[in-house]
Amino acid sequence: MLEIRDLHVKFHNSNREAVGGVSYTIEDGEIQGLVGESGSGKTVTAMSIAGLLPRKQCSYSGQILLDGMDLLHADRNELRKIHGRHIGVVFQEPMSSMNPLMKVGHQVEEVLLLHTNMTAEERRRKAIETLDQVELNNPEEVYEKYPHELSGGMLQRAMIAAAIIIRPKLLLLDEPTTALDVTIQAQILELLKRLNKEYDASMLFISHNLNVVRKLCTEVAVMQRGLLVEEGKTEQVFYNPQHEYTKRLIAAIPTRNKRKEEC
């Protein structure tokens, strides 16, 4: 469904490539994890897929194929048609991603305004229905609220609603649970699992938290300094890592015994 072929990205103000020849595939209905430390190239890879790469600030080459269409070299008008309809994006900080002056419901339904001929009332009904599907209580009330009136977990659910409202083929999730407490984080992960089963949406889940990736993803790819150093089934990578960098990442995962030793 999504195939990345030899992706290279180098920003003009950097001496090295942010992404240095990455290739991998995400199949229909698959949840793929992409892990690595800050600066490893995870987010730049996602930006390239989502059409958010600042092209004037970097050089790039390779291919990013969504059902055969090359996104990396498509013009902006074509990308606008694809973004939202076929690709949904959920960012780490919903408060900074949402317009503080616009009601949540209007932001959730915005993609319908861009990509459908629905009436205002039809868009409203669809937005409320989707807010309910992401398990927000009193979705009619949430629709009328402004972002600052919602908690972090509620805002993240609203962002997910905005991303899935038109049933895209692919969801890009860039550290979507990092700013949430452990309880809310677990709820969001369960929600994503349910959405994956119900809508068969493929997902690219970007995180530095390997425990979260292990709970959600069926496949995982590991990046280091712009390179893809290991990939495979999640359990295989966790229990039998091949690359030294992957081994160090897994060894650094906090465990109950480690926490006791630190105390």
Checked region 220-259 for anything open to solvent by 30 Å² or more (accessible area, probe 1.4 Å), among the charged types (D, E, K, R) and at pLDDT 90 or above; matches are Arg225, Glu231, Lys233, Glu235, Glu244, Lys247, Arg248
In region 164-194, the residues that are charged (D, E, K, R), out of contact with any Phe, Trp or Tyr (no Cβ under 7 Å at 6 or more places or on another chain) and closer than 20 Å to Asp132 by Cβ: Glu190, Lys193, Arg194
Which one of these does Gly152 not meet: (1) open to solvent by less than 20 Å² (accessible area, probe 1.4 Å); (2) closer than 20 Å to Gln92 by Cβ; (3) not hydroxyl-bearing (Ser, Thr, Tyr)? (1)
When the residues of region 66-96 are narrowed to those that are touching a His at 6+ places or on another chain (Cβ under 7 Å) and within 20 Å of Glu109 (Cα to Cα), which ends up modelled with the lowest pLDDT? Gly84
Considering only region 127-147, how many residues are open to solvent by 20 Å² or more (accessible area, probe 1.4 Å) and part of a loop (DSSP other than H, G, I, E, B)? 5
Which helices (runs of 4 or more DSSP H) does region 148-263 wholly contain that include 1 or more residues that are within 19 Å of Met47 (Cα to Cα) and touching a Leu at 6+ places or on another chain (Cβ under 7 Å)? 152-164
Within region 110-119, can you find the residues that are surrounded by fewer than 19 Cβ atoms within 10 Å (Cβ to Cβ) and in contact with a helix residue (DSSP H, G or I) (Cβ under 9 Å, 6 or more places away or on another chain)? Glu110, Leu113, Leu114, His115, Thr116, Met118
Any strands (runs of 3 or more DSSP E) falling wholly within region 1-86 and containing at least 1 residues that are open to solvent by 40 Å² or more (accessible area, probe 1.4 Å): 2-11, 19-26, 58-66
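Residue-wise test of (1) in contact with a helix residue (DSSP H, G or I) (Cβ under 6 Å, 6 or more places away or on another chain); (2) in contact (Cβ under 8 Å) with a residue 40 or more places away in the chain.
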{"site": "Ser38", "(1), (2)": "no, yes"}
{"site": "Gly51", "(1), (2)": "yes, no"}
{"site": "Arg55", "(1), (2)": "no, no"}
{"site": "Arg76", "(1), (2)": "no, no"}
{"site": "Leu79", "(1), (2)": "no, no"}
{"site": "Gly84", "(1), (2)": "yes, yes"}
{"site": "Gly88", "(1), (2)": "yes, yes"}
Within region 87-109, of all residues that are open to solvent by 70 Å² or more (accessible area, probe 1.4 Å) and more than 19 Å from the chain's Cα centre (by Cα), the one nearest to Met1 (Cα to Cα) is His106
Take the conditions open to solvent by 10 Å² or more (accessible area, probe 1.4 Å), free of Cβ contacts under 8 Å to residues at least 24 places away in the same chain and within 28 Å of Ile206 (Cβ to Cβ) and apply them to Met159. Does it pass? no
Conditions (1) within 20 Å of the chain's Cα centre (by Cα); (2) on the phi < 0 side of the Ramachandran plot; number of the one not met by Glu78: (1)
Condition met for Val212 (over 25 Å from His86 (Cβ atoms) and modelled with pLDDT of 95 or more): no
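The values are calculated or read from the model by the stated rules, or taken from the named source; none is laboratory data. Note that this is a predicted model, so its numbers are computed, not measured. Cβ atoms come from the backbone with ideal geometry, glycine included; neighbour counts cover every protein chain shown. All accessible areas refer to the heavy atoms of the entire protein, side chains included, with ligands and DNA or RNA removed. Shrake-Rupley method; radii C 1.70, N 1.55, O 1.52, S 1.80 Å.
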